[in-house]
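Reviewing the structure listed below.
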Amino acid sequence: MDIPDQSENRLYREWLANPMLRALLDVVREGVLIVDRDMHVLFANRTAREIFIFPAQQWPRLIDITRNKEIYHCFTSALTEKTVF
């Protein structure tokens, strides 16, 4: 699975606007975060919102919700290497 280019953020936001998909991701027991290349969180499911503290802004940066270096490293590695963990 390839990581989208910055120009595809709009497509991901439209895809995540699908109410059925959002409902499905919200009942998953694992935390799901989707970030763009600028490390802005595009989506966080219910579990992720319970784990991390989210500021009031609409698209917080990953660094704003976690200070865990391992989590941040996994995301940056995935974006750099275009792989999925």
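The values are calculated or read from the model by the stated rules, or taken from the named source; none is laboratory data. Bear in mind the structure is a predicted one, so any value in this text is a computation, not a measurement. Neighbour counts are summed over all protein chains in view; Cβ atoms, including those assigned to glycine, are modelled from backbone coordinates with ideal geometry.
Highlighted here are the helices (runs of 4 or more DSSP H) found entirely within the stretch 1-68 that include at least 3 residues which are at pLDDT 85 or above: 19-27, 46-51, 62-65.
Counting just the residues of the stretch 7-49 that are farther than 19 Å from F75 by Cβ and among the basic types (K, R), which one comes out surrounded by the fewest Cβ atoms within 10 Å (Cβ to Cβ)? Step by step, filter the stretch 7-49, then rank; the result is R29.
Residue under question is D64, and the condition is that it be closer than 19 Å to N18 by Cβ, among the acidic types (D, E) and surrounded by 13 or more Cβ atoms within 10 Å (Cβ to Cβ); does it hold? Here the answer is no, as D64 does not meet what is asked.
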